[in-house]
1. Considering only residues that are out of contact with any helix residue (DSSP H, G or I) (no Cβ under 7 Å at 6 or more places or on another chain) and farther than 13 Å from residue 280 by Cα, look in segment 101-115 and name the one that is surrounded by the most Cβ atoms within 10 Å (Cβ to Cβ).
2. Output the residue which, of all residues in segment 148-161 that are modelled with pLDDT of 70 or more and in a strand (DSSP E or B), is nearest to residue 127 (Cα to Cα).
3. Residues that are over 31 Å from the mean Cα position of the chain (by Cα), closer than 29 Å to residue 163 by Cα and at pLDDT 60 or above, at least 1 per element: which helices (runs of 4 or more DSSP H) completely within segment 248-350 meet that?
4. Can you find a residue that is under 26 Å from the mean Cα position of the chain (by Cα), at pLDDT 70 or above, within 24 Å of residue 143 (Cβ to Cβ) and in a strand (DSSP E or B) anywhere in segment 162-183?
5. Determine which single condition residue 98 fails, assuming it passes every other condition in (1) surrounded by 11 or more Cβ atoms within 10 Å (Cβ to Cβ); (2) not in a helix (DSSP H, G or I).
6. Please give the number of the condition residue 228 fails out of (1) surrounded by 15 or more Cβ atoms within 10 Å (Cβ to Cβ); (2) at pLDDT 75 or above.
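The values are calculated or read from the model by the stated rules, or taken from the named source; none is laboratory data. Bear in mind that the values here come from a model prediction, so they are computed numbers and not experimental data. Heads up, the Cβs are rebuilt from the backbone with ideal geometry, glycines too, and the neighbour counts pull from every protein chain shown.
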């Protein structure tokens, strides 16, 4: 039974009307678009979003649990860039790679060229410790003559010009005789790594076997790893100097047993280096760069960068290896050699 002149409102309409009235301080009763009942009052028709919001909130579980669907972030919705944007169309090589490439471009022409990188430590001549420079990253040092350098390279085993006779240690058969001539060196200081390295360019000329007693013998135990045109050599070297020739540069080294081995002084060292198996390929790319004048792809810089990155990778493998200084007798011997060389240089200048 219902009273005439009154309208029975559903609960949803009552809630909507109350919300509209409280939000507008009574102005909602005169708003347009309302619904006029028989009693003369106005009730606002609920908006679609309000209805959906009310219905969704009323359908939540009593325990207050919410939806577990993860929201879609803006990064997930936006497509990823296909490649880095370059204003000038190509990457610029880092300064060390460019410095090594310029160095090799100037030095690696000609036949019988050898290009290698030796791993070692750049040592200050005064402090006998690793050099210190105000730099944080890898840097190439300006090439200098040996007598003008304020540092030494701990793994340096080559001297200006020498003849090397290689023999099989079991059969004593001569495997080859070459004269190795140093062309130039470029030293790289790596303060963020445990080791530095030296890029060396040499010329190896085949020669006849020399006569006489060798001034130095080097017995090598070598393990090699080759990948394409690059080879890693890990060598344990036992050097024997003849008595009285401690400060003399070796004229040639000979890998054969010595009858006076027990009377000679022996030094056991380890050498680690990377070299081009066929350095002529880099020399050929140099000629292609010159002749093509940019009309052909330049692989010279690419091969140099690959060479340097392999050197860096090898050094990175020794990141956790603690470097031990040379034994005291080797430090004393090096100091004597340096002092005698320095005195000879001073006498020549006078």
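1. Once the filter is applied, the top-ranked residue is 103.
2. 151
3. 328-349
4. no
5. Of the numbered conditions (1) surrounded by 11 or more Cβ atoms within 10 Å (Cβ to Cβ); (2) not in a helix (DSSP H, G or I), the odd one out for residue 98 is (2).
6. Checking residue 228 against (1) surrounded by 15 or more Cβ atoms within 10 Å (Cβ to Cβ); (2) at pLDDT 75 or above, the one that fails is (1).
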